Amino acid sequence: MLAELSPELIVEVQRAAILLQTASKVCILTGAGVSAESGIPTFRDKQTGLWEQYRAEDMASPDAFERDPQLVWSWYQWRRQLVYGTAPNPAHHALAEWQQNAEASKPPQTQQQITLITQNVDDLHEQAGSSVTHLHGNLWRNRCNNCDAPYDNEFESSNVIHKKVSFDDKLIHCSHCDGYIRPDIVWFGESLPVKAWQIAESAAANCEVFISIGTSSLVYPAAGLAQLAQQNGATVIEINPNPTPNTMVDITLAAPAGVVMPLLVKQVTNK
Ligand code: OAD
(Lines give C-alpha, C1' and ligand atoms only; values in the text may rest on other atoms or scores of the structure.)
Protein backbone atom coordinates (compact mmCIF):
# COMPACT_ATOMS: atom_id res chain seq x y z
CA MET A 1 0.00 0.00 0.00
CA LEU A 2 2.86 2.36 0.88
CA ALA A 3 4.29 1.77 -2.60
CA GLU A 4 1.25 3.57 -4.04
CA LEU A 5 2.15 6.81 -2.27
CA SER A 6 4.99 9.22 -2.99
CA PRO A 7 7.54 9.89 -0.21
CA GLU A 8 6.13 13.48 0.07
CA LEU A 9 2.65 12.15 0.59
CA ILE A 10 3.82 9.68 3.22
CA VAL A 11 5.37 12.60 5.13
CA GLU A 12 2.08 14.50 4.91
CA VAL A 13 0.15 11.45 6.16
CA GLN A 14 2.51 11.29 9.14
CA ARG A 15 2.01 15.01 9.80
CA ALA A 16 -1.76 14.51 9.73
CA ALA A 17 -1.51 11.47 12.00
CA ILE A 18 0.51 13.35 14.63
CA LEU A 19 -2.11 16.10 14.72
CA LEU A 20 -4.93 13.61 14.96
CA GLN A 21 -3.31 11.60 17.76
CA THR A 22 -3.59 14.55 20.12
CA ALA A 23 -6.93 15.96 18.97
CA SER A 24 -9.80 15.37 21.35
CA LYS A 25 -12.50 16.30 18.83
CA VAL A 26 -12.40 15.41 15.14
CA CYS A 27 -15.07 16.18 12.56
CA ILE A 28 -15.08 14.25 9.29
CA LEU A 29 -17.14 15.14 6.21
CA THR A 30 -17.37 12.59 3.41
CA GLY A 31 -18.67 12.94 -0.13
CA ALA A 32 -19.20 10.75 -3.17
CA GLY A 33 -15.44 10.15 -3.56
CA VAL A 34 -15.35 7.95 -0.44
CA SER A 35 -17.71 5.52 -2.18
CA ALA A 36 -16.03 5.73 -5.60
CA GLU A 37 -13.77 2.75 -4.86
CA SER A 38 -16.90 0.74 -4.00
CA GLY A 39 -18.01 1.24 -7.59
CA ILE A 40 -20.54 4.05 -7.08
CA PRO A 41 -19.99 6.82 -9.64
CA THR A 42 -19.53 10.31 -8.18
CA PHE A 43 -21.87 13.15 -9.16
CA ARG A 44 -19.36 14.86 -11.41
CA ASP A 45 -18.52 11.59 -13.25
CA LYS A 46 -20.03 11.36 -16.69
CA GLN A 47 -23.07 9.09 -16.62
CA THR A 48 -23.11 6.01 -18.75
CA GLY A 49 -25.50 3.97 -20.85
CA LEU A 50 -29.11 5.00 -20.94
CA TRP A 51 -28.52 8.10 -18.88
CA GLU A 52 -25.53 9.44 -20.77
CA GLN A 53 -27.30 12.58 -21.93
CA TYR A 54 -28.46 13.60 -18.44
CA ARG A 55 -26.51 15.40 -15.73
CA ALA A 56 -27.01 14.35 -12.10
CA GLU A 57 -27.40 18.00 -11.10
CA ASP A 58 -30.36 18.32 -13.49
CA MET A 59 -32.18 15.34 -12.00
CA ALA A 60 -31.75 16.04 -8.30
CA SER A 61 -34.08 18.99 -8.02
CA PRO A 62 -37.71 19.65 -7.06
CA ASP A 63 -38.20 21.46 -10.40
CA ALA A 64 -37.04 18.42 -12.34
CA PHE A 65 -39.51 16.22 -10.41
CA GLU A 66 -42.30 18.78 -10.89
CA ARG A 67 -41.58 18.86 -14.64
CA ASP A 68 -41.18 15.14 -15.20
CA PRO A 69 -41.71 12.90 -12.16
CA GLN A 70 -41.44 9.75 -14.28
CA LEU A 71 -38.00 10.70 -15.58
CA VAL A 72 -36.61 11.55 -12.14
CA TRP A 73 -38.13 8.43 -10.50
CA SER A 74 -36.70 6.23 -13.25
CA TRP A 75 -33.30 7.86 -12.81
CA TYR A 76 -33.34 7.16 -9.05
CA GLN A 77 -34.44 3.58 -9.64
CA TRP A 78 -31.43 3.24 -11.92
CA ARG A 79 -29.14 4.77 -9.27
CA ARG A 80 -30.58 2.38 -6.70
CA GLN A 81 -29.63 -0.51 -8.95
CA LEU A 82 -26.12 0.90 -9.23
CA VAL A 83 -25.75 1.17 -5.46
CA TYR A 84 -27.54 -2.06 -4.55
CA GLY A 85 -25.11 -4.78 -3.59
CA THR A 86 -22.09 -2.48 -3.32
CA ALA A 87 -19.90 -3.00 -0.29
CA PRO A 88 -17.81 -0.69 1.89
CA ASN A 89 -14.23 -0.18 0.72
CA PRO A 90 -11.07 0.17 2.87
CA ALA A 91 -11.82 3.88 3.51
CA HIS A 92 -15.23 3.11 5.07
CA HIS A 93 -13.71 0.26 7.09
CA ALA A 94 -10.82 2.39 8.35
CA LEU A 95 -13.19 5.15 9.49
CA ALA A 96 -15.39 2.63 11.33
CA GLU A 97 -12.38 1.03 12.98
CA TRP A 98 -11.12 4.42 14.14
CA GLN A 99 -14.52 5.35 15.62
CA GLN A 100 -14.88 1.97 17.35
CA ASN A 101 -11.36 2.16 18.67
CA ALA A 102 -12.03 5.63 20.11
CA GLU A 103 -15.28 4.50 21.74
CA ALA A 104 -13.56 1.53 23.36
CA SER A 105 -10.74 3.53 24.94
CA LYS A 106 -10.78 3.95 28.72
CA PRO A 107 -11.38 5.97 30.81
CA PRO A 108 -14.35 7.46 28.89
CA GLN A 109 -13.26 11.07 29.61
CA THR A 110 -10.18 10.49 27.48
CA GLN A 111 -12.09 9.16 24.49
CA GLN A 112 -11.50 10.95 21.23
CA GLN A 113 -14.78 12.30 19.86
CA ILE A 114 -15.10 11.53 16.16
CA THR A 115 -18.17 12.94 14.42
CA LEU A 116 -18.71 11.49 10.98
CA ILE A 117 -20.95 13.44 8.63
CA THR A 118 -21.74 12.42 5.08
CA GLN A 119 -23.29 13.97 2.02
CA ASN A 120 -23.77 10.49 0.60
CA VAL A 121 -27.16 8.85 0.40
CA ASP A 122 -25.75 5.32 0.31
CA ASP A 123 -25.35 3.40 3.57
CA LEU A 124 -21.80 2.14 3.14
CA HIS A 125 -20.60 3.89 6.32
CA GLU A 126 -23.29 2.05 8.30
CA GLN A 127 -22.47 -1.20 6.56
CA ALA A 128 -18.86 -0.78 7.70
CA GLY A 129 -20.05 -0.21 11.30
CA SER A 130 -19.79 3.57 11.64
CA SER A 131 -22.28 5.86 13.27
CA VAL A 132 -22.89 8.64 10.76
CA THR A 133 -25.06 11.70 10.25
CA HIS A 134 -26.58 12.03 6.78
CA LEU A 135 -26.93 15.58 5.47
CA HIS A 136 -28.55 14.71 2.14
CA GLY A 137 -30.99 11.94 3.08
CA ASN A 138 -31.16 8.24 2.36
CA LEU A 139 -31.42 6.55 -1.00
CA TRP A 140 -33.37 3.62 0.44
CA ARG A 141 -36.17 5.68 1.96
CA ASN A 142 -39.16 7.25 0.18
CA ARG A 143 -41.72 9.87 1.10
CA CYS A 144 -44.62 11.69 -0.48
CA ASN A 145 -43.57 14.70 -2.52
CA ASN A 146 -46.79 16.44 -1.55
CA CYS A 147 -47.59 15.67 2.12
CA ASP A 148 -44.16 14.32 3.24
CA ALA A 149 -45.69 11.11 4.64
CA PRO A 150 -43.05 8.38 4.75
CA TYR A 151 -43.69 5.61 2.26
CA ASP A 152 -42.87 2.31 3.91
CA ASN A 153 -42.26 0.13 0.97
CA GLU A 154 -39.87 -2.57 0.05
CA PHE A 155 -36.96 -0.15 -0.01
CA GLU A 156 -37.09 0.19 3.74
CA SER A 157 -33.71 -1.04 4.80
CA SER A 158 -32.37 -2.15 8.11
CA ASN A 159 -29.43 0.12 7.27
CA VAL A 160 -27.51 -2.83 6.07
CA ILE A 161 -29.71 -5.33 4.27
CA HIS A 162 -32.16 -4.21 1.65
CA LYS A 163 -34.91 -6.76 1.74
CA LYS A 164 -37.20 -7.35 -1.20
CA VAL A 165 -35.87 -4.48 -3.27
CA SER A 166 -37.92 -3.49 -6.29
CA PHE A 167 -36.45 -1.44 -9.10
CA ASP A 168 -39.77 -1.05 -10.88
CA ASP A 169 -39.87 2.43 -12.34
CA LYS A 170 -43.66 2.78 -12.31
CA LEU A 171 -44.61 5.91 -10.37
CA ILE A 172 -46.23 5.31 -6.97
CA HIS A 173 -49.05 7.42 -5.49
CA CYS A 174 -49.31 8.34 -1.83
CA SER A 175 -52.18 6.58 -0.06
CA HIS A 176 -52.91 9.71 2.02
CA CYS A 177 -53.05 12.48 -0.57
CA ASP A 178 -52.44 10.88 -3.97
CA GLY A 179 -49.21 12.87 -4.44
CA TYR A 180 -46.21 11.17 -6.03
CA ILE A 181 -43.75 9.16 -3.96
CA ARG A 182 -40.15 10.36 -4.27
CA PRO A 183 -36.83 9.34 -2.76
CA ASP A 184 -36.22 10.83 0.69
CA ILE A 185 -33.20 12.75 -0.53
CA VAL A 186 -32.34 16.43 -0.16
CA TRP A 187 -32.45 17.94 -3.63
CA PHE A 188 -30.83 21.15 -4.85
CA GLY A 189 -32.67 24.12 -3.42
CA GLU A 190 -34.17 22.12 -0.52
CA SER A 191 -33.33 22.54 3.16
CA LEU A 192 -31.13 20.09 4.98
CA PRO A 193 -32.67 18.05 7.83
CA VAL A 194 -32.54 20.40 10.85
CA LYS A 195 -31.14 17.94 13.39
CA ALA A 196 -28.46 16.60 11.04
CA TRP A 197 -27.34 20.12 10.20
CA GLN A 198 -27.18 21.09 13.88
CA ILE A 199 -24.96 18.09 14.59
CA ALA A 200 -22.71 18.99 11.63
CA GLU A 201 -22.40 22.68 12.52
CA SER A 202 -21.69 21.98 16.14
CA ALA A 203 -19.10 19.29 15.36
CA ALA A 204 -17.36 21.52 12.80
CA ALA A 205 -17.33 24.56 15.07
CA ASN A 206 -15.93 22.61 18.03
CA CYS A 207 -13.39 20.28 16.46
CA GLU A 208 -9.63 20.62 16.52
CA VAL A 209 -9.18 18.81 13.22
CA PHE A 210 -11.63 18.77 10.31
CA ILE A 211 -11.18 16.14 7.59
CA SER A 212 -12.83 16.49 4.20
CA ILE A 213 -12.83 13.20 2.28
CA GLY A 214 -13.89 12.72 -1.34
CA THR A 215 -15.97 15.82 -1.83
CA SER A 216 -15.70 18.40 -4.59
CA SER A 217 -16.58 21.09 -2.00
CA LEU A 218 -18.95 22.67 -4.50
CA VAL A 219 -22.31 22.10 -2.83
CA TYR A 220 -23.33 24.34 0.06
CA PRO A 221 -24.08 24.42 2.91
CA ALA A 222 -21.98 21.25 3.47
CA ALA A 223 -19.02 22.83 1.67
CA GLY A 224 -19.02 25.67 4.24
CA LEU A 225 -18.29 23.32 7.17
CA ALA A 226 -14.51 23.35 6.55
CA GLN A 227 -14.51 27.13 6.71
CA LEU A 228 -16.57 27.11 9.90
CA ALA A 229 -14.10 24.68 11.46
CA GLN A 230 -11.07 26.71 10.43
CA GLN A 231 -12.59 29.99 11.65
CA ASN A 232 -12.90 28.32 15.03
CA GLY A 233 -9.26 27.26 15.09
CA ALA A 234 -9.33 23.79 13.52
CA THR A 235 -6.73 22.41 11.15
CA VAL A 236 -8.29 21.26 7.87
CA ILE A 237 -7.14 18.09 6.12
CA GLU A 238 -8.38 17.18 2.65
CA ILE A 239 -8.23 13.69 1.13
CA ASN A 240 -8.93 13.79 -2.59
CA PRO A 241 -6.84 12.67 -5.57
CA ASN A 242 -7.98 15.78 -7.46
CA PRO A 243 -7.73 19.48 -6.62
CA THR A 244 -10.87 21.16 -5.23
CA PRO A 245 -11.89 24.82 -4.83
CA ASN A 246 -11.53 24.43 -1.05
CA THR A 247 -8.94 27.07 -0.12
CA MET A 248 -9.15 26.29 3.61
CA VAL A 249 -6.94 23.24 3.43
CA ASP A 250 -3.87 23.02 5.69
CA ILE A 251 -2.84 19.47 4.76
CA THR A 252 -3.65 17.92 1.39
CA LEU A 253 -3.46 14.15 1.00
CA ALA A 254 -3.86 13.82 -2.76
CA ALA A 255 -4.62 10.13 -3.19
CA PRO A 256 -7.65 7.84 -3.17
CA ALA A 257 -9.40 7.60 0.20
CA GLY A 258 -9.22 3.80 0.10
CA VAL A 259 -5.43 4.04 0.06
CA VAL A 260 -4.89 6.96 2.46
CA MET A 261 -7.46 6.22 5.17
CA PRO A 262 -6.22 2.76 6.26
CA LEU A 263 -2.69 4.13 6.48
CA LEU A 264 -3.74 7.24 8.37
CA VAL A 265 -5.93 5.33 10.82
CA LYS A 266 -3.18 2.78 11.43
CA GLN A 267 -0.83 5.59 12.43
CA VAL A 268 -3.40 7.46 14.53
CA THR A 269 -4.45 4.38 16.47
CA ASN A 270 -0.95 2.85 16.60
CA LYS A 271 -2.39 -0.49 15.46
P1 OAD B 1 -18.82 15.11 -6.26
O2 OAD B 1 -19.18 14.10 -7.31
O3 OAD B 1 -19.11 16.53 -6.53
O4 OAD B 1 -17.26 15.03 -5.98
C5 OAD B 1 -16.62 13.83 -5.73
C6 OAD B 1 -15.21 14.12 -5.33
O7 OAD B 1 -14.59 12.90 -5.00
C8 OAD B 1 -14.36 14.76 -6.45
O9 OAD B 1 -13.70 15.91 -5.94
C10 OAD B 1 -13.35 13.66 -6.79
O11 OAD B 1 -12.08 14.20 -7.14
C12 OAD B 1 -13.28 12.92 -5.49
N13 OAD B 1 -12.85 11.51 -5.62
C14 OAD B 1 -13.02 10.67 -6.65
N15 OAD B 1 -12.52 9.46 -6.35
C16 OAD B 1 -12.01 9.54 -5.10
C17 OAD B 1 -11.37 8.62 -4.22
N18 OAD B 1 -11.13 7.36 -4.57
N19 OAD B 1 -10.99 9.06 -3.00
C20 OAD B 1 -11.22 10.33 -2.60
N21 OAD B 1 -11.83 11.24 -3.39
C22 OAD B 1 -12.22 10.86 -4.61
O23 OAD B 1 -19.49 14.59 -4.91
P24 OAD B 1 -19.87 15.42 -3.60
O25 OAD B 1 -18.85 16.43 -3.29
O26 OAD B 1 -20.21 14.41 -2.59
O27 OAD B 1 -26.11 16.33 -3.48
O28 OAD B 1 -21.18 16.14 -4.07
C29 OAD B 1 -21.88 16.90 -3.14
C30 OAD B 1 -23.34 16.82 -3.41
O31 OAD B 1 -23.62 17.21 -4.75
C32 OAD B 1 -23.92 15.43 -3.32
O33 OAD B 1 -24.24 15.03 -2.03
C34 OAD B 1 -25.13 15.53 -4.16
C35 OAD B 1 -24.50 16.23 -5.32
O36 OAD B 1 -25.32 16.75 -6.25
C37 OAD B 1 -27.41 16.03 -3.55
O38 OAD B 1 -27.81 15.03 -4.10
C39 OAD B 1 -28.27 17.04 -2.91
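Data overview
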{"item": "Inter-probe distance in nm under a simple model that places probes 7 Å from Cα toward Cβ, at Glu4 and Thr22", "result": "3.0 nm"}
{"item": "Neighbourhood charge, 15 Å Cβ-Cβ cut-off, centred on Gln100 and excluding it, Lys, Arg +1 and Asp, Glu -1", "result": "0"}
{"item": "Probe 1.4 Å - accessible area at Asp148, Å² to nearest ten", "result": "90 Å²"}
{"item": "Crossing angle, helix 257-269 versus the chain [Cα axis fit, 0-90 degrees, rounded to tens]", "result": "40 degrees"}
{"item": "Chain lengthening between Ala254 and Gln77 when straightened (0.36 nm per residue, less Cα-Cα)", "result": "60.4 nm"}
{"item": "Of Ala104, Ala96, Ala234, the one that fluctuates the most in a GNM where the chain has Cα springs shorter than 10 Å", "result": "Ala104"}
{"item": "Helix 194-206 vs. the chain, principal-axis angle (Cα, 0 to 90°, nearest 10)", "result": "10 degrees"}
{"item": "Pairwise label distance in nanometres, Thr42 with Lys195, each label 7 Å out on the Cα-Cβ vector", "result": "3.1 nm"}
{"item": "Among Cys144, Cys177, Cys27, residue whose mean-square fluctuation peaks in a GNM of the chain (springs only between Cα atoms under 10 Å)", "result": "Cys177"}
{"item": "Estimated FRET transfer efficiency (Gln14, Gln231; beta-carbon r; R0 35 Å; 0.05)", "result": "0.85"}
{"item": "Rotationally averaged projected area of the chain (alpha carbon convex hull; nm²)", "result": "14.9 nm²"}
{"item": "Charge sum, other residues only, whose C-beta stays under 15 Å from Ala16's C-beta, Lys/Arg counted +1 and Asp/Glu -1", "result": "-3"}
{"item": "Extension gain from Gln53 to Lys106, taking 0.36 nm per residue of separation minus the Cα-Cα distance", "result": "13.7 nm"}
{"item": "The chain: relative contact order in percent, alpha carbon pairs under 8 Å with at least 6 residues between", "result": "25 percent"}
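The values are calculated or read from the model by the stated rules, or taken from the named source; none is laboratory data. Predicted model only: the values in this text are computed from it and were never measured. With ideal geometry, Cβ positions are generated from the backbone for all residues, glycine too; neighbour counts draw on all protein chains shown. Note: areas computed on protein heavy atoms with side chains; ligands, DNA, RNA excluded. Shrake-Rupley method; radii C 1.70, N 1.55, O 1.52, S 1.80 Å.
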